[in-house]
Amino acid sequence: MSNMFAMPNVPSTTSVLSTYTAFAASAMLVKTMLNEVQAMTSQLIPQKLQQKILSSLGGLFRNSCQLTLIIEEYNGFSINEIYQASEVYLSTRITPSIDQLKVSKAHREKNLFVTINKGQKIMDVFEGIHLVWEFVCKETQNTVVDYENYSESTEKSEHRSVVLSFDKRYQEKVLKTYLPYVLERSKAIKEENKVVKLHSLGTFNGDFSGGPWGSINLDHPSTFDTLAMDPILKQELMDDLDRFVKRRDFYKRIGKPWKRGYLLYGPPGTGKSSLIAAMANHLKFDIYDLELTSLRSNSDLRRLLTSTANRSILVIEDIDCSIELQDRQYAGHNNGDSQLTLSGLLNFIDGLWSSCGDERIIVFTTNHKDKLDPALLRPGRMDMHIHMSYCTASGFKILASNYLKIKSHCLFTVIERLIRKWK
Ligand SMILES: Nc1ncnc2c1ncn2[C@@H]1O[C@H](COP(=O)(O)OP(=O)(O)OP(=O)(O)O)[C@@H](O)[C@H]1O
């Protein structure tokens with residue numbers, strides 16, 4: 001009977017299991033070998049050869065152990081931030097093994113942007129995980145129908161993406177740790193290379209179409225090192241700025257907008273504008289130079305202020321000359337938005353403007369602090385009042401060092417005595 005159902009060509013369960021076990025063991029062995037090879041290649045073999053070996057070995061096991069993430073340039077109509085970040089991040093991972101590079105330069109940017117071209121691969125190692133990045137660019141042809149002329153034409157378009165491959169086992173680590181790291185690094189790299197911009201109204205004529213602010217790179221060479229001012233005050237200001245940018249959680253906790261106000265006052269030509277440039281260069285914040293005399297109403301002002309970006313310094317120079325200062329006591333008499341008023345400015349700065357943005361700095365300058373409306377000087381409005389005055393003995397030393405490269409001289413004591421005497 002038993003022979004009747006015997007199927008000589010069908011392997012027994014035991015032999016299937018043992019074959020499977022042997023296969024699984026060899027798969028494991030090959031997988032381990034692959035990892036070993038990966039580890040070994042990274043130490044012993046030149047980068048270019050590494051890529052070839054690993055990509056051909058990887059190809060054998062792509063289906064079984066490799067995971068591929070596709071990061072497209074656009075997410076619907078909006079740009080995919082991970083794509084952008086990986087472009088920036090990978091520009092720092094270029095090795096001599098890459099055959100083709102793409103070089104570009106944005107208008108007025110100082111640095112060239114170098115990145116890999118389509119089809120090129122970049123290897124990266126993160127906490128022992130080996131990752132391969134590849135830029136992919138596919139051309140597609142779309143049919144465009146012109147209904148008015150009953151005609152059809154074809155248009156070429158490019159779909160760019162980056163493909164990231166790695167061992168499946170590390171999926172969670174790559175998504176939760178590596179990609180956030182890439183985002184963070186790219187942010188820091190952008191920040192390092194950031195060119196500070198000066199935004200000004202230029203030919204503003206009340207028309208907001210196309211944005212009211214024009215911008216150029218701020219090439220002002222002033223820094224805290226070149227600035228001649230009292231060293232203690234300078235240090236206090238630098239500490240204040242550094243503390244301010246680190247206090248996101250503090251402002252959130254106390255429920256106040258993340259903004260800080262500085263009033264710079266002193267005689268003409270004592271370095272107020274230079275100090276603003278030094279602050280911008282120190283923090284890498286853009287400057288918005290607001291010329292109040294070119295505005296007509298509070299509503300113009302509101303629209304201008306809401307179109308300023310975060311991490312910026314809003315500068316209103318010579319506040320005593322650019323607005324009717326005593327208007328607060330008559331504020332009740334003027335009809336709301338029709339006229340530009342100090343109360344309009346202060347209300348908006350304290351209220352909506354500062355709460356719809358982060359890391360905002362506002363700087364007022366004046367040659368005549370005594371002429372300012374007390375409302376402007378109220379604590380909490382201008383957090384620090386900085387007196388820029390005539391040259392002090394320590395300021396003189398900085399200028400002598402900057403202009404003449406003289407760090408010490410026998411005449412210094414005489415000059416210092418004279419400065420102190422006439423101060
Ligand atoms: N404290 C300073 N340290 C270094 N340079 C200074 C200082 N003060 C003035 N200067 C030099 O003098 C020139 C005028 O300075 P700046 O425009 O910064 O002064 P200001 O106080 O803004 O003048 P104003 O009140 O007229 O706008 C600049 O070119 C700057 O190089």
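Observations on the model:
- Working note: Cα atoms of the stretch 191-312, range along each principal axis, descending, whole Å: 44, 40, 32.
- Residues residue 173 and residue 95, FRET efficiency given R0 of 25 Å [Cβ-Cβ distance, rounded to 0.05]: 0.60
- Mean Cβ neighbour count within 10 Å, used as a protection proxy, ranking 411-419, 79-87 highest first: 79-87, 411-419
- The phi torsions of the stretch 255-261, fed into the Karplus equation with coefficients 6.51, -1.76 and 1.60 and a -60° offset, translate into couplings of x, 10, x, 7, 9, 9, x Hz, rounded to whole numbers, with Gly and Pro shown as x.
- Applied to the stretch 302-318, the Karplus parametrisation 6.51 cos²θ - 1.76 cosθ + 1.60 on θ = phi - 60° returns per-residue 3J(HN,Hα) values of 4, 5, 5, 5, 6, 9, 8, 8, 5, 6, 9, 10, 8, 10, 10, 7, 6 Hz, with x for Gly and Pro.
- Applying 1/(1 + (r/R0)^6) with r as the Cβ-Cβ distance of residue 114 and residue 251 and R0 = 22 angstrom yields a FRET efficiency of 0.05.
- Normalised by 2.2 N^0.38 Å, where N is the number of residues, the C-alpha radius of gyration of the stretch 347-406 stands at 1.65.
- In terms of accessible area, using a 1.4 Å probe and ignoring ligands and nucleic acids, 381, 185 rank largest first as 185, 381.
- The convex hull of the Cα atoms of the stretch 117-230, projected and averaged over all directions, covers 16.4 nm².
- In this simple spin-label model, placing a label point 7 Å from the Cα along the Cα-to-Cβ direction at both residue 306 and residue 291 gives a separation of 2.5 nm.
- Selection of trypsin sites (Lys or Arg not before Pro), the stretch 223-295, meeting DSSP coil and at most 10 other Cβ within 10 Å: 246
- Taking amide H atoms as placed 1.01 Å from N in the peptide plane, the amide H of residue 197 lies under 5 Å from those of 218, 286, 287, each 5 or more residues away in sequence or on another chain.
- Cβ crowding within 10 Å averaged over residues, with 215-224, 135-144 ranked highest first: 215-224, 135-144
The values are calculated or read from the model by the stated rules, or taken from the named source; none is laboratory data. Just so it is clear, the model here is predicted, and its values are computed rather than measured. Quick reminder, even Gly has a Cβ in these numbers, built from the backbone with ideal geometry, and neighbours come from all protein chains shown. Accessible surface is based on the protein model in full, side chains and every heavy atom, while ligands, DNA and RNA are left aside. Shrake-Rupley method; radii C 1.70, N 1.55, O 1.52, S 1.80 Å.
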